[in-house]
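K.L.:
Sharing a structure with you now.
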Amino acid sequence: MVVCVCNAIKEKDLRAAVRNGADRPSKVYAQLGRKPKCGQCLAFARTIIESQVATA
């Protein structure tokens, strides 16, 4: 599933970044070498991050 349309970030990429230590959307974007653009994905990204951290 695509999490961020502007940057073409997929859920699997976001989850991998969290496994590599990213605990906030800004850190995920930094790891992936991108920056948030419109910001509409940030709430969804936070939800996925929280879910990934909870299962770690």
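K.L.:
Criterion first (surrounded by 11 or more Cβ atoms within 10 Å (Cβ to Cβ), touching a Leu at 6+ places or on another chain (Cβ under 6 Å) and not small (Gly, Ala, Ser)) does Val18 satisfy it? It would help to see each step written out before you state the result.
P.N.:
Numbers: surrounded by 11 or more Cβ atoms within 10 Å (Cβ to Cβ): yes; touching a Leu at 6+ places or on another chain (Cβ under 6 Å): no; not small (Gly, Ala, Ser): yes.
Here the answer is no, as Val18 does not meet what is asked.
K.L.:
Regarding segment 33-55, can at least one residue be identified that is within 10 Å of the chain's Cα centre (by Cα), modelled with pLDDT under 95 and hydroxyl-bearing (Ser, Thr, Tyr)?
P.N.:
The answer is no, given that none of the residues of segment 33-55 is within 10 Å of the chain's Cα centre (by Cα), modelled with pLDDT under 95 and hydroxyl-bearing (Ser, Thr, Tyr).
K.L.:
Sort out which residues of segment 5-26 are in contact (Cβ under 8 Å) with a residue 24 or more places away in the chain and more than 8 Å from the chain's Cα centre (by Cα), and write them in order of number.
P.N.:
Val5, Cys6, Asn7, Arg19, Ala22, Asp23
The values are calculated or read from the model by the stated rules, or taken from the named source; none is laboratory data. Here the structure is a predicted model, which is why all the values come from computation and not from measurement. Ideal geometry is used to build each Cβ from the backbone, glycine not excepted, and the neighbour counts take in all protein chains shown.
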